[in-house]
Amino acid sequence: MSRVAVYPGTFDPVTNGHLDLAERGLRHFDRLVIAVLGNEEKRPLFSVDERIELLHEATHGWSGIEIESFDGLLVHFARRVGAQVILRGIRAASDFEYEMQMAMMNRKLEPELETVFLVPSEAYSYVSSRLVREVAKLGGEADRLVPPNVARALNAKLSRG
């Protein structure tokens with residue numbers, strides 16, 4: 001039986017921290033499904049299709065990765081793709097309370113589905129998509145925080161290159 005994990009998020013945009021977590025998740029799972037949330041209420045900078053394309057480019061050549069979009073309950077998506085685990089990252093203590101509530105609710109909805117938390121590499125412990133968007137919108141250099149294809153897309157989206 002293969003071990004399948006779902007790594008959900010908005011990935012708006014995908015950061016080096018996201019990729020670090022995905023790469024380390026692949027050490028523990030046979031298949032990692034990166035699940036791009038299509039929640040338009042968050043008013044994303046990139047469309048779902050753009051985020052999926054950026055993720056495909058950033059993970060090109062990686063074995064065991066699949067990238068899909070989803071709406072609705074994560075547990076339904078996880079069941080559909082055959083996942084036994086939800087993979088989540090916790091950067092700081094401030095993430096823990098929210099992530100724990102989500103993990104407990106997901107367990108209530110789908111008792112067989114476990115949540116596994118990974119702590120990011122130290123180099124990415126402060127990186128979030130929200131901060132990357134903010135830095136980029138204000139003209140700062142986000143190039144070291146995101147993969148090169150994402151840096152180019154951010155510059156193009158914000159009309160700077």
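Coordinate-derived values only; no laboratory data. Note that this is a predicted model, so its numbers are computed, not measured. In this analysis, Cβ positions are derived from the backbone assuming ideal geometry, glycine residues included, and neighbour counts consider all displayed protein chains.
Net charge dipole, region 4-157: roughly 140 debye, given to the nearest 20, about the Cα centre with Cβ charges of +1 for Lys and Arg and -1 for Asp and Glu.
What is the projected area of the convex hull of the Cα atoms of the chain, averaged over all directions, in nm²?
Taking a quarter of the hull surface, the average projection is 9.3 nm².
Mind giving me the FRET efficiency for GLU40 and LYS108? R0 is 22 Å, r the Cβ-Cβ distance, nearest 0.05 is fine. My answer for the efficiency is 0.25. Using Cβ point charges alone (K and R +1, D and E -1), the dipole size of region 1-51 about the Cα centre works out to roughly 240 debye.
3J(HN,Hα) couplings calculated from phi for region 129-141 with the Karplus curve 6.51 cos²θ - 1.76 cosθ + 1.60 (θ = phi - 60°) are, in sequence order, 4, 4, 5, 4, 4, 4, 4, 5, 5, 8, x, x, 8 Hz; Gly and Pro show x. Rounded to 0.05, the FRET efficiency of the LEU118 and HIS60 pair, given R0 = 25 Å and the Cβ-Cβ distance, is 0.65. What the Cβ-Cβ distance of ARG80 and HIS28 gives, at R0 = 22 Å and to the nearest 0.05, is a FRET efficiency of 0.55.
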